1. Mind giving me the FRET efficiency for Lys119 and Asp29? R0 is 22 Å, r the Cβ-Cβ distance, nearest 0.05 is fine.
2. Taking percent of Cα pairs over 25 Å apart as the quantity of interest, determine which of (i) 44; (ii) 26; (iii) 60 was computed from the displayed structure.
3. Please state the relative contact order of the chain as a whole percent: Cα pairs under 8 Å, 6+ residues apart?
4. Could you give the length gained by full extension between Val66 and Glu51, i.e. 0.36 nm per residue of separation minus their alpha carbon distance, to one decimal place?
5. So what's the angle, to the nearest 10 degrees on a 0 to 90 scale, between helix 2-17 and the longest Cα principal axis of the chain?
6. Subtract the Cα-Cα distance of Gln59 and Asp104 from 0.36 nm times their separation in residues, and report this length gain in nm to one decimal.
7. Based on the mean of other Cβ atoms within 10 Å per residue, sort peptides 78-84, 45-51, 62-68, 114-120 so the most packed one is first.
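No value in this document is a laboratory result; all are computed from the given coordinates. These figures come from a predicted structure and were not determined experimentally. So basically every Cβ, Gly included, is an ideal-geometry build from the backbone, and we count neighbours across all protein chains shown.
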Amino acid sequence: MWLVLAMFLIWPFGALAEGLLGNWQSPPDPKGQIGHVVIHACGSTLCGTLERAYDRAGQRVETPNVGRRLLFDVRAHGNGQYTGRAYVPSFGRDFPAKLELNGDRLVVRGCMADTLCKKQTWARVR
């Protein structure tokens with residue numbers, strides 16, 4: 001009975017989150033560096049960790065942010081909509097975030113206030 005109850009509680013999270021899991025490439029930052037972020041399960045929510053960074057020439061670079069969790073407490077709301085928190089290295093802090101999944105594109109939007117928002121479109125890495 002406990003197994004059935006556990007499966008019932010876990011199944012909706014897994015089904016809604018499945019499309020977001022995996023490797024994502026962020027667009028170039030002001031230095032021209034791109035990042036590969038791995039989105040993975042963190043208990044009952046999702047997290048995204050910067051696994052690798054590359055320069056303009058495509059050469060792997062080490063930065064203080066490699067290994068840092070950039071997304072956390074990400075929760076699915078259905079229809080490709082997610083909310084959570086995003087760490088922004090240039091500000092050195094995290095902000096509320098909304099994520100929208102559309103196929104192999106993920107729009108990540110963070111807001112400092114209701115009117116001061118920035119967004120990035122990430123591409124799935126296969």
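1. So the FRET efficiency works out to roughly 0.95.
2. It is the value labelled (ii).
3. Reported relative contact order: 19 percent.
4. Here the segment from Val66 to Glu51 would lengthen by 4.8 nm.
5. Its long axis makes an angle of about 30 degrees.
6. That works out to 13.8 nm of additional length.
7. The most tightly packed comes first, giving 45-51, 78-84, 62-68, 114-120.
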